[in-house]
Every structure is written in structure tokens, then in C-alpha cells.
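This is the structure I have questions about; it appears just below.
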Amino acid sequence: MASVTEDLEMQPHGSGSLQQNVQQHRGSLHAFLHTLGLAEYFPNKILTLRSLQEIKRDSLSDKKDDSLQAIPWAFLRKLLMANTKSRTLDCASENKETNDWFSESNIDISPNTLDLIVALYACADSFLQQEMTLKMSMCQFAVPFLLPCGIQNQCTLMLWALRGVLKEWCPHSMSKSKGFVEESVVCAKIPLVSFVRLRNCSLSKSQVINHLLSESQQHHDFFCHRDMKGGCRPRMIANGMVEMCWYLPGGNTAIDIFPEPVAIANLRGDVGAFETQFAFLTQVSKAMFVFLDKFEEREQKMLVSSQQLNSKLFFVVNYQRDTHPDVKSSIQAVMEALKLTKEDIIVKSQNINMAKLTDMICSTIRKSLSEPSPSLDIESMSRIACEFGISVDELTSKASSSAEQAAQNIIKGIGVREIVVYKKNQLPLQGENWKRLAQIEKEECRLQTAGDTKLEDYKAELQQEKKIIQKTQSKYKITSAMSEFINAVTTNDSIERAFFLKWLGYKLDMRSRKCLSSLRHAFKEHRRQKDKESLAKVDQQLLDSSLGLEHYLREMGHVYEASLGSSKRLDELPTVAAELLQEGFPLELLDGDASSIPEKWINDVLMELHRMVGQKSRLLVLTVLGVQSTGKSTLLNTMFGVQFAVSSGRCTRGAYMLLLTVGEDLRTELSCDYILLIDTEGLKSPDLVQLDNSYEHDNQLATFVIGLSDVTIINVAMENFTEMKDILQIAVHAFLRMKEIGKKPICHFVHQNVAGVSAHNKLMTERQHLLEHLNEMTQIAATMEKKTGISKFTDVLDYDVELNHWYIPALWYGTPPMAPVNTGYSVAVFDFKKNMLKTLKERNDELFFNIPQFLEWTRSMWRAVKFENFIFSFQNTLVAHAYDSLCKEFSDWEWSFKRHIYSWLESATIQISNAETSSLQEVEEIVEALNGDAQKEIASQKREMDEKLKTYYKRKDRHVSLVERYKIDFIKNIQSLQTEMINTVRNKLDAAFQLRTNVAKVNELQKKQATMIEHQVLQLLKNCSSRTDELSDEDLKADFESMWNKALVNISGFKERDVPSEILKELCSSFGHLKINQYMENVKDLTEYASDKFEVSGKRHLPKLKHWKNMVARKIVKQEVQSVADTAIQNCRRMIEESAKSKSDYQTFHIKELIKKMDEYIKSVNSKTNLAFEVDLKLHICGIASQKFLEMHRRFLADKDPLKHLEAFKSHYLSDFIDLYRLNDQCQRKAQDFTQLCLKPAVTEHINQSIGTDIVDAILSCSYSTEYSSRSYFQYNILKELLEKDEFKEFVRYILHYETYVNDWIYKHIIQCFSKDLSVSKLKTKKLDSIIEKIVEAVKDSQYGDDGCILSNDTKSTTVLIQNLCKALSKVISIPKDTVDRVLFQNTSLCTPFTKNLLEYLKDLKRQLEEEITKSSDITEMLNSVSVKPQNELFKRIFGCGKQCPFCKAPCEAGGKDHRQHHAAVHRPQGLGRYRYVSTNILCEEICTSSVHGNGTFQNHETDFQPHPYKDYHTYYPDWLIPPDRTIEASDYWKYVLVKYNDTFAEEYKAKPAVYPSVWNNIDEVQALEGLKSAFCIK
């Protein structure tokens, strides 16, 4: 009697939505697919692996499936993560309400698991089928061997799907040697044992097989059966499928069931319904077990007619006590007909349990296997299948067939040759030349083997050798193998290309497995014997003999790079590689064989990818690091469903990257478009640890990939910390370096092979122990990297001992090779993945690199790795750009701060000038109050600037994290700016007070004399008015002239101050307690000290020290001191002249500021000079100052001369006298006089004094603004101009007197700007419009009294009006009170007409000043007269700290004045900075960027002229950072300059010409400029 279960398999019935849908299309595959939501993928098989690898919200969900349509995706998601629970289908059940207690209330609507698998195979493309098969095999699930009939009613042998399954086993014949077999299941000749059943069979053969295969270990369901979830549902489309799995021995006779591997096939459904499958299995099987309860007549005929059975047939009969005798007889009849014996039947009686039954079957199988007969591999079976009308997936695909042929052609080309010979002939570009190039590039950076050769000569030799190799590489013709390979991968058919790459990979791997086994065995022997020399030799042989798909892809990159120098560029190759990346193929990033990166190839491939994705290419980079063979690749493959190569060897070295798309629903949350996975070779290989370069290789690789990564997973394979110590040390160093440049990777520690639900809690001690080690390593790393303030690991990373550790059970559940993947492994990996991405979502303020930025970062990182000392800093272009952007913004904030304070200061100085009080004490109180207000203003601006900096560091568009380390520098710069502005304001207010004091004395005398004149005028008016006769104007003028001449007889001028004596007194006091009497006792007249040129005297100015006996040394020091003295004199002279050109009087603060400036220069050479030098230099500069300041004082006295002042008002007094005599209306004239005598000078002075800030704004907002955008760009422009001018003297000035040169350049540049595009007139006119508008408004407002009423129309109100006006303008313009008093002398003007006239004359004044502005627009005069000097402000903006490289004199380009380290983008041959070899006096040709990384020494004053290693230059120059040149061409500019002017420089410096490499002669002006652009990142 047939069981109910067997009937369910054949006849779909039952309730639920699945049944309702399927019944509409009974037996229809399409109907079933439609029910599962898969109809759109069939029959075109468009369900792809790539679509499943996309990181979407659903892929991170582990919630229970709430619909049938969700089941396939949940199954695939779990399967791709190798989850052995993936066949357990959880779907919501249908609730059926009923009063029957025994009826089914919850009806499972899930499909049968086998139906689901068949449906997915029907919808999947070939590559997804292959991946599904591989993952099912890993989980020890039976995989489809024959897929049941589809649309064309033909079953399919899944040869291609099985081709990716690779198995390892140890047959008992190899157990003693500990050898193993590694083979593809498709190619391995493994005997096949098949299991089928008849229609009437109550025994579950799948369960029997599962028990059989699980006999040696814990039970595992290899095959789905009725008692599994999803197994009891009726099968709709899976009957007729043949599944296959393998039993593989492990070499342990105590455990293994069979001594050799066995393949097990299981036909689903009644064998009678699937005669084709049965017939095929009988032909290819070693043995076939037929399960039955009884025979039906049709089945008897089928079996009896199958006389030509290749396989041995065995019947497994489920015999019960109540079995009918006819059943027994029918079985005997069939056995007799088939000539079977009693040994060929296994009877399962009620007394035989499952264990006994499986033992019986095992014994039968063993016996069958022992019989000599050939076994077939699956490839052979596929040929037999075709004879039975069974299709083969590989053969039905034209793309696969043509791709296999192309791959086979390449394999044929290998022939019987040794791989090492083949690679040399057919893949030559990745051979010795490429490896030598890699060595040269590193040696160019490290300069370790220069020996006695001069560094620049050595570098030139390396460069020449590199060019020769590159030329040789470019001459290679494409080999036949690569021609075939490139033709295959450049096909337009992406599917055919993917097939080709898979085919070639399989064929090469199969060949390599045969070739490498003996070498691996030899390697193992040498390792056991600890034979270091032999070990290295065999390791190289392993590398040479290894040939895989990666070698052809690598060669393709080299072919492309070689083609760039020829006329036949292969521009399509980067496109092909970019498409492969998009399709999920890994791209080699780092060639581990040569330890190098094909930078041009990688760049062009990724840039092509960037173009393909529409420039939306933000990358989240994730890397796994760990000890070799600890499951790093498996972890990534499980986590993301990808296909990184997994093996236990280290034949292929380096790093590979693979691209995963981020779904649209997660791109915003993760702030990226793609996840870039980087898989690396294993570190700390126990096999290679004995080799000399092993540690260096691991160090480079780990540092490089950590530097590239946003997330680093450190794979700890076991709790044995010793094994991981070196890797963690490397990682800590790398993280520390990343912190220094602002990159903030996340680090997770994954502990594998840790089981138990309490592992996390129980291993708390171990985690703390690990943290202690990490802290210790951090301290060591910080000491080695010379970083202070870093003492623990959490100072380097955002690390939480609880959240950044993950415990993952062992990968295998049991003993391989029969162990399935541990369910806990995939679940733990999924949990880790989910939480890791959740953490990234929470940090979505991070700005990930797009592809161009990632490439730039990669170049910088690789350059740092090549230099070994990992100096990132500004040689990283992205950091440089981020830093440059911040500097530009900061400069703008800084100027905004200054401009605001200058505007306030202008108003404050006007207030001091306009103070109504005559008491100096009250003025002083006003100044103090203003100082207090200034502090508040400055503090407010400082807070605003702090906030701007804070906001800037929150931005997501500028990679601000890269400049995080410089934040403290900019904070200090803000503080310095605050201090600077406080001092500036204080000095300016003090100067304004002193000026007010001096002017008050002048005004007092002028007022007395004016009062006397006014008295004389009134007396004359009285005398003339008392006369009876009418006087004519001529008479009045004559009388006035007579009176005027008599009155001026007694007018005297001001007494001249002894300015030189005052300066001398101030100079003497500046020396403090220094004993200077012997130097100063004969100083009488300072002006005498300015006449001669100042020259440094070796005897008088330099100390007498033993190490200076060498004449060259003394000459060097003397030249250095003379250069500083010349610079001091030039810049102090400029400072003196700027001050002296102002219209104010000489004041004490002028000389104090000058002495302060001199002290800065003297301090820089203090260790090289004595007190006599300081005294003489100061006397010389003060002599210049005494002359200029005396002239300044005399100009002031002349300008304020009382007689001159009165003469200026003579016509005004005459007019007043005549008007008063004739009783004329004065309104018009008084209004005009007030406008011309009071307002015009004030307005003119205001415009001339305040326009300085407007000039700066104009420069910074015009087309010339880029010159001042940043210090680096300023440097580039200056150097470019020097190259174009090509004047030797200019180069010398730039190098030796950099500050002076920059000052002069800016001054000339401003004049040039205003001579071309900018207009002084426009700036002044704009200023004029603004001030006239304010005056007009003030006039209108002044018509009202304190009570708010309009002033009455009388003369008194006119005075009130003017007083109101002066008060209203007291913060705007400076109107001298005495001048106003002169104008108001005997005023008779009425208020209303006066006001009207005043407004009219203001219009005239505006027109008059506009004309004057147009006529006089001398920018030079204006620059000298403004209070805020534009040239000084622009100088401060771009000059910075002014420090120069101690070796080559390159100027520092660090932002602000207050920074921790100085740096320069371009360094020079040191001889240009006057550095020479002390022993020979020959100018040094070495560039300091090379010297500090070589093994040479330097000697100068700082080292007491004793040799000191360049590498330890920080000992003497701790605040200088001299990184390597960004490229070898970066210094071409200065090489060109040295070559061109070598003799001239030598003559100028009184030295012998430099001896430089001859190749420098080949550098022309164009190359020099290109090198400059490269150095400053100018595109």
C-alpha cells in the first residue's frame, strides 16, 4: 500500500493560497513561478548574482517572511551567506477558523523546498546557478544534478553549475603521507551510487541517505525529506530532479565510512514516471538502490526490459508483517529476471531500525566499490546524457561553447612547456623588468644602496635605468596568448566574456593544481627542516609556476600601459576592466609578486568606471586583514555573497578589490554609492616568516590597505595573541598615521573559532588583555612616530571594547571534508554585517571619497609606503587640497576680522580727534574707554571666527577630517590674531592720543594768534565804521592789508625737537642691562651712521670659536649673517619710509616698533654673532630712521606753521571784514566757506585715509585674487613669473631676501592691477558718494534741536546747526574745531538760508571732488598715504611665518603664522641657498627632500660644523617637516635654474660651481614649468 506521503508527492492537493494559484495552471511551471513572484525572470533566466549582491535595505533584514513572494529572496539571501538554515522556509500561515478540534487551523502555505530550488534554478542565469550550487555544496546540501523538464519537456544536466564546486579529500591510500586530493567534482572520477524509488514506497530514501552519510559525524540533512520544514508540502515541479552530493574521506579510518570518495545521486519522484533519468543513471552509476514496498506490473516490465544495465542494481524493500505474499513473489520474479542474488536485496523488516539499515546499505556500497570497474567523471557523464536526450547546460549555451573554445586555445598555447618559460614568453611585461621597476621606484624613495655615489647622481642613474626599462616594455609586441585573451575580453557580448573568464580560470586552476602539488610538498619539507635558503628558492618556484586568470588580467594592464607610449593605444582595455568590475569580477590593486601598483592602469580603469556611473561614485572602502589561512576571504564572501578566491596557499599575493552597488534606498543613509571590498593575502605566513623580506612585505601591505579603508576588519582567527601581535603592531602604526592626516577609519576585531552563547561575556578578560596590548603598542608607535599626547589606543580610534569586538563560531560544523558550514557562523557574520552598516549609518556625517579622490588618496598612500617612513602630510594631494581650501577660507575670515576692526579703529581715531574737551586727561579717559570697547569688539570678532572654524569642520563637502590635525593650529592662529589686533588697536589709539596731544599744542597757539587777529579785525571794523565817509572795497582792502602785516610781525613758529637724540635715547634704553658702553660712548650724531653700507666684519661681529678655523666655515657664516643684515636693513628702511610719509608728527612708538622689528632679525642670528653686531646694525638702521623721522617732524612743523595757518584764513577774514562793514548777507559765503574750509579737507582726508581696506577688497575680488588665495598658489605664481623673466638677480633676491622680494612684488603688483583693470577713481568716488550721503543726512537731522523742534531762523541757530552737524559727524570725519571757529567768526547768517546754501554747496563739493579724483589717481601716492596699507595686509595674508628651509631656503607655506610645523611644497638643490660642501667649497647639488631620506650627513653652524645625519635633521630643526617630493619631476624647476645659472650662482656666493648629474642638462623651460605645476598640484 502506498503511503500518503508518496501520494502527496504525486498529486497536488490541500488548501492554502499556493494550492489555489497552482490549481489554476496545474502542472505549469509558469504558474508556480507566478505564485512566487518569479514569472518575470523566466524563461530568459535574468535573475543574476550581481543583483543579489546589491546592498539594499531588504538584504539587511532578518524578519520573518510575510508573503510567498518574499520566500525566494530570503532563501537566496541566506544561501549566499552559506546559512545551513536557508532551506527552512518561514512564512506566515493561513488561519482557518473551525469548531473541529482535530482539523488543521494553521495551514502552512510555504512551497516545497525542492520546488523552490527548482524554480530558482529555472530563473537564474548560469553564473547564479553556479554560485547557488557552490554555496549549497558548502552547506553540504545535495545539489541539482539533473534539473527536471522545463518548457521544452527536456531535463538538463547541470554540468556548468557543478563546475565551480571544488572538493578536497584524503583517500586512505594517502593517509600516511598526509597528502590530499583537490579536484573539481566535474573532473574527478568519483564512483556514483544512485538512489531511486518506485511508486509504492513508504520508506523515505532521502532520510536513509542522510543517516548513511551522517554515520561518522553528527546528523545532517544532506537531502530534503518529508520531516523537514517545507518537506511535507506536495511537490509541484521538483519531481524528476536528480540531486547529487558527495561523501569524501578525511583520511581517518576510525571516522571515514568509505575509503574513497563516493558521489550519491537521488532521483525525486517515482522512477516509473522518469524513465529517461532512470536509464541515464543506470548507465553512469556504479550501483543503484531501488526503494520499494512492492512492484506494480508496469514497473516490473520497465525493470525487466532494462537488460543493458551498467550499474549494479540493489533493491531496498520495506517488508512488513502484513505484506501480501504476491508482493514477495513479484519481487523474486524481477530479481530472477535480472539475475540478481539474495545479496542484491536489502530487506527492511520491522526488526531492522534505521541504523541497521544504513549499515547494510554501507556494506553493500563498499562491496560494490571494491569491484574493479572504471568510474566516470561528470564531464564524461554529460556525453552519455546527450545520448538519452538530456540537455547539458554548457552545450545549450552558444556563449559558453565559444568562450570555452577561446579559453582552450590559450591553454593549448601552453602545451607541455614549463609555466615559468611560458610566462616569460607569453606574459613578459609582468616579468623581471616589471619587478625591477618596482624595486627602482622604492629605491628612488629610500636611497638605501647609494653607497658612495652622490644622491642626485644616484637618483639620475635610477631614473635613467627606469626609462630604459619602460622603453623596453613599450617595445614588446602583444604575444599570441595575450592577443587571444584581449580579443576574448573585448567582445561586445558581456555574457560570453564572463563565460570566457570563468572557463579560463577553471582550466588554469586545474592545470596549476597538478603542477604545484609537488612544489607544495617540497615547501612543506623545507619548512619542517627549517632550511631557509631552500625555502626561499621553492617559494620563488611556487610563484614562477603559478598561472591563473589574474596573471592574464595583470598582463592586460601592463599591455595597456606599454601601449600609451606608442601610436597604437589600446584605450578600450580600461573600459573592459571597468565593465568587469561592474559585473563583479575582482581587479588586482596591488601586485603581490612585485609588490607594486600599475598606477596608470588602475587610474584609467577606475576613472572609466567613474564615467560609466555618471560620476556618482562615492566609495565606502572595507578591508579585511589577518593571519594567513584564517578565513579572511571566506568572511567577505559570506558577508557579501562575493567570490574572492579561497585557498590555503600563498601563491597569489597582493590585494584585490571588488565593487558592490549600494541600493538607492540606502545611499543617503550610508552616504555612499558603492562599497569597495579589498581582500588581501594573508599576513604572517608561517611558511614565509623565515624569509628576509616577509615582515617588510606584510608591513607595506597592511599599512597600504588600512590607509585606503574606511572600515578595517582585523580577523583574529584564535585567542592565541602571540600569532597576531606583529599584525596588530603594524595596524596600530597605520591607524596612528591615519589619525595624523585626519582619516578616521573604523576598526572591528573579529574573533573566529569562538563558540558558546557566553563567549562575549566570558572573554571580557581577554578583550581587556587585548586592549592593554593595543595601548602598549600605541605608546610604542607614538614614540617611534614622535607623536606626543597619545598614550592609549582610544586616542587613535573611536574604539569601544564592547562594540568593536565580534565573536564568530568556527566555519565548519564538524570535521571536514564532510562538515557543513556552521549555521552559527553565517548568522554571526550576518549580525556583524548588519551592525557594522548600522554604525556607518550613524556616522553618516562622514564624507567618503569618490573615485577620483580615492585614486589620489591611493597614489599618496602608495607613495608613503614606498618611502617607508610614511610621511603623509602635504605630499598627499587630497590633504593638500583640503588644507588649501581651509587656508583660503581662513584668510577670508581673517581679513573680515581685520577689516571690521580697522573700520572701528578709523571711527575711534576720529572720535579722539573730534573730542570736544581741551583737557588731555579727559581725552585720555576717552582713549581708555575706547580701548575697553575695542576689547569687546575684538572678542566678538574672535568668537565669530571661532564659530566659523567650528562650522567649517562640520561641513561634509571639503574632507575636513583630513585636516583635523591642523585644527589646533588654526585655533592658535585665531588667538594670535586676537592678540595682534589688540596690540594694533592699542598702538593706534595711543598714536591717535599722541597726535591729539601734539595737535592740541599747535591748536592752542594757533587759537591765541587767531584770537589776536580777530581782535585786530574787529578793531579795524570799529575804526572804519566810525568814519563818516564811505570807504570803497579798495580802501577796506588797503586798511586790512596794513593791519594784517602789523599783526603778523610778532607771530612765531614752533620749536624743533631733537629727533636724533630722542631716537638714540630710546635705542640705548632698548639694550636694557647689556654692557654697551664701549660701543656707544663715541656715538654723538645718529645721522652719521646711515651714510655707509653696512658690512659684516668677521673679526668684529663674529665670535671666535675653535670650529670656525676652517675658512670656508667662517665664510659661510659671514654670508649668512650678511644676508640677514641686508634683509633687516631693507625691510626696516621700508617700514621707516612708510611711517615717515604720513602727515603726522614723529612719535615715540615709531622707533619702538622699529626696534622690535630689528630684534626679530637679530634673534635669528644670535648664535652666530656677538653684541657688537647687534649694536652696529641697530646704529645703522637707527641712523636711517633719525634722518627720515627728522624730515617727517620738520614737514609736520612746516604744515602746522602758525603764519601759514593764518595766511590760509586771510581771505576769509578779509571777506568777513568787508561783509560786516557793508552789512552784507553772509549765508551763501559762510556756507561755502564751511564747505571748503571745514568739510572738504575732512572728506578728502577721510577718503585718502580709509580707502586702504577698499583697495584690499578690490584686489581680493578681482581677476588677480587667485594670486592671494593661498600661500602655495602665491608661490607658484611668483616662481612662474621668475621663470618667465629669466633674470639671475631676481632669483638671488627671491632666494636670499625672500621677505624683501615679496614685499616689493606685492607693491608692484598692486600698482600693476590699478594700472590695468582696477580704478582708484572708482573706489574713491564710491567712498565719496557714501560720505556725502552721510553728511547730507546729518545736515538734515541737525536742523532739529534737542526738543525735536526745527531750529529757529536766526544767527544763533546757525551756530547750533553747525555744532549739531559736527557732533553727528564726530565718528565719521575729523572736522578741526578751530577751523569751525574761524568760519563762524562774527557769523550773521540766518539758519534756514544757511542750511539751504549748505546743501547746495555740498552738491558742488561732490562735483569738485569728483573732478579732483579723476585728475589725481596716483596709486603710488595713495599707497603711501592710507592708514591701512594694502601692501602690508596682502603681505601678511600670504607671507605667513616667513621661515625658510634650513637647507635650501624654500619658504614655509603653512597656514597662519602660528603653526607647529613648517613645510614647503618645492625644495631646491641646497647650493641655491648658499649651502656648500665645507671641505671643498663646492655648491651642494643635493635636494634636501632626497638628502633627508638618504644616508648622508650635513654640517653647519647648528652642528658646530660636525657631520650630522640628514635623516635626523629633526634634532636641530624639530619644527620643520621635509617630506619627499611628490614626483621625481617636482624639483625640475630648480634643477633647471641651477643648471642655467650654476657658474653665476657660484660667483655670487663666492663658491665653486655645483657638480650635478648630466641628465639635468636635458631639462628645458617647459619641463621646469610642468614640474612646478606638479609640485603645487596646478592643473
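Of the residues PHE145, PHE127, PHE180, which is surrounded by fewer than 19 Cβ atoms within 10 Å (Cβ to Cβ) and not small (Gly, Ala, Ser)?
PHE180
Every residue, every condition in (1) of a type outside the set (Val, Ile, Thr); (2) more than 25 Å from TYR560 (Cβ to Cβ), yes or no:
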residue	(1), (2)
ILE378	no, yes
PHE388	yes, yes
LYS398	yes, yes
GLU404	yes, yes
GLY415	yes, yes
GLU432	yes, no
ARG446	yes, yes
GLN463	yes, no
LYS475	yes, no
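Moving on. Looking at MET1012, MET1080, MET1043, which one is open to solvent by less than 70 Å² (accessible area, probe 1.4 Å) and within 30 Å of LEU1154 (Cα to Cα)?
Going through MET1012, MET1080, MET1043 in turn, the sole match is MET1080.
Based on this model, can you work out whether ALA1113 counts as aliphatic (A, V, I, L, M), at pLDDT below 85 and either touching a Lys or Arg at 6+ places or on another chain (Cβ under 7 Å) or assigned to a helix (DSSP H, G or I) (or both)?
yes
Among the helices (runs of 4 or more DSSP H) lying completely within the stretch 1230-1324, list those that include at least 2 residues that are in contact with a Lys or Arg (Cβ under 8 Å, 6 or more places away or on another chain) and closer than 30 Å to ALA1208 by Cα.
Once the helices (runs of 4 or more DSSP H) in the stretch 1230-1324 are filtered for at least 2 residues that are in contact with a Lys or Arg (Cβ under 8 Å, 6 or more places away or on another chain) and closer than 30 Å to ALA1208 by Cα, what remains is 1240-1261.
Turning to a different aspect of this structure: Going through the stretch 979-993 one residue at a time, which ones are hydrophobic (A, V, I, L, M, F, W, C) and free of Cβ contacts under 8 Å to residues at least 60 places away in the same chain?
If the condition is that a residue be hydrophobic (A, V, I, L, M, F, W, C) and free of Cβ contacts under 8 Å to residues at least 60 places away in the same chain, then ILE982 is the only one that fits.
Just to be sure, is ALA1113 open to solvent by less than 30 Å² (accessible area, probe 1.4 Å) and either closer than 29 Å to ASN987 by Cβ or over 51 Å from the mean Cα position of the chain (by Cα) (or both)?
no
Could you grab me the full set of residues in the stretch 476-511 that are free of Cβ contacts under 8 Å to residues at least 24 places away in the same chain and open to solvent by 70 Å² or more (accessible area, probe 1.4 Å)?
Selection gives LYS477, ASN492.
Answer with yes or no whether THR997 is surrounded by fewer than 17 Cβ atoms within 10 Å (Cβ to Cβ), without any contact (Cβ under 8 Å) to a residue 24 or more places away in the chain and either not in a loop (DSSP other than H, G, I, E, B) or not aliphatic (A, V, I, L, M) (or both).
In short, no.
Only one residue in LEU1177, LEU1197 is surrounded by fewer than 20 Cβ atoms within 10 Å (Cβ to Cβ) and either in a helix (DSSP H, G or I) or aliphatic (A, V, I, L, M) (or both), so which one is that?
LEU1197
If you don't mind, another one. Do you know which residues across the stretch 1116-1148 are in contact with a helix residue (DSSP H, G or I) (Cβ under 6 Å, 6 or more places away or on another chain) and under 22 Å from LEU1197 (Cβ atoms)?
ILE1136, SER1139, ALA1140, LYS1141, SER1144, ASP1145, TYR1146, GLN1147
With (1) touching a Leu at 6+ places or on another chain (Cβ under 8 Å); (2) open to solvent by 10 Å² or more (accessible area, probe 1.4 Å); (3) without any contact (Cβ under 8 Å) to a residue 60 or more places away in the chain as the list, and SER1416 as the residue in question, which single condition is left unmet?
(1)
Could you identify the single residue in GLY240, GLY230, GLY251, GLY269 that is open to solvent by less than 10 Å² (accessible area, probe 1.4 Å) and at pLDDT below 90?
Residue meeting the stated conditions: GLY230.
Select, from GLU1034, GLU1066, the only residue that is surrounded by fewer than 16 Cβ atoms within 10 Å (Cβ to Cβ) and either touching a Pro at 6+ places or on another chain (Cβ under 9 Å) or not polar (S, T, N, Q) (or both).
GLU1034
When you scan the stretch 1503-1514, how many residues do you find that are in contact (Cβ under 8 Å) with a residue 12 or more places away in the chain and within 38 Å of the chain's Cα centre (by Cα)?
Of the residues in the stretch 1503-1514, 5 are in contact (Cβ under 8 Å) with a residue 12 or more places away in the chain and within 38 Å of the chain's Cα centre (by Cα).
Out of the residues in the stretch 1551-1568 that are open to solvent by 40 Å² or more (accessible area, probe 1.4 Å) and touching a residue at least 60 places away in the same chain (Cβ under 8 Å), which is farthest from the chain's Cα centre (by Cα)?
Step by step, filter the stretch 1551-1568, then rank; the result is LYS1552.
Contact list please: Cβ distance under 9 Å, first residue in the stretch 1484-1497 and in contact (Cβ under 8 Å) with a residue 40 or more places away in the chain, second residue open to solvent by less than 10 Å² (accessible area, probe 1.4 Å) and of a type in the set (Lys, Arg), pairs at least six apart or on different chains.
Close Cβ pairs (under 9 Å, with a partner that is open to solvent by less than 10 Å² (accessible area, probe 1.4 Å) and of a type in the set (Lys, Arg)) amount to CYS1484/ARG1476; ILE1487/ARG1468; CYS1488/ARG1468.
Residues are listed down the side, and each one gets a yes or a no for (1) out of contact with any His (no Cβ under 9 Å at 6 or more places or on another chain); (2) open to solvent by 60 Å² or more (accessible area, probe 1.4 Å):
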{"position": "HIS1309", "(1), (2)": "yes, no"}
{"position": "PHE1314", "(1), (2)": "yes, no"}
{"position": "LYS1326", "(1), (2)": "yes, yes"}
{"position": "ILE1331", "(1), (2)": "no, no"}
{"position": "CYS1349", "(1), (2)": "yes, yes"}
{"position": "ASP1381", "(1), (2)": "yes, no"}
{"position": "THR1395", "(1), (2)": "yes, no"}
{"position": "LEU1399", "(1), (2)": "yes, no"}
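Just need a number here: residues in the stretch 314-358 that are among the β-branched types (Val, Ile, Thr) and exposed (fewer than 11 other Cβ atoms within 10 Å of the Cβ).
Of the residues in the stretch 314-358, 1 are among the β-branched types (Val, Ile, Thr) and exposed (fewer than 11 other Cβ atoms within 10 Å of the Cβ).
What single numbered condition from (1) open to solvent by 30 Å² or more (accessible area, probe 1.4 Å); (2) under 36 Å from the mean Cα position of the chain (by Cα); (3) more than 25 Å from SER1558 (Cβ to Cβ); (4) not acidic (Asp, Glu) fails to hold for GLY1455?
Checking GLY1455 against (1) open to solvent by 30 Å² or more (accessible area, probe 1.4 Å); (2) under 36 Å from the mean Cα position of the chain (by Cα); (3) more than 25 Å from SER1558 (Cβ to Cβ); (4) not acidic (Asp, Glu), the one that fails is (1).
Any residue in the stretch 448-468 that's within 13 Å of SER1491 (Cα to Cα): show its pairings with residues that are open to solvent by less than 90 Å² (accessible area, probe 1.4 Å) and of a type in the set (Asp, Glu) at Cβ separation under 8 Å, as long as the two are six or more apart or on different chains.
LYS454/GLU1485; LYS454/GLU1486; LEU455/GLU1486; GLU456/GLU1485; GLU456/GLU1486; LYS459/GLU444
If a residue must be more than 30 Å from THR1087 (Cβ to Cβ), of a type in the set (Asp, Glu) and in a helix (DSSP H, G or I), how many such residues does the stretch 1026-1062 contain?
5
A further question on this structure: In the stretch 421-437, is there at least one residue being open to solvent by less than 70 Å² (accessible area, probe 1.4 Å), under 60 Å from the mean Cα position of the chain (by Cα) and among the small types (Gly, Ala, Ser)?
Yes, the stretch 421-437 has at least one match.
The values are calculated or read from the model by the stated rules, or taken from the named source; none is laboratory data. Only a predicted model underlies this, so the values are computations on that prediction, with no experimental measurement involved. Cβ sites come from the backbone with ideal geometry, for glycine too, and all protein chains shown count toward neighbours. Heads up: the accessible areas ignore ligands, DNA and RNA and are worked out on the full protein's heavy atoms, side chains in. Shrake-Rupley method; radii C 1.70, N 1.55, O 1.52, S 1.80 Å.
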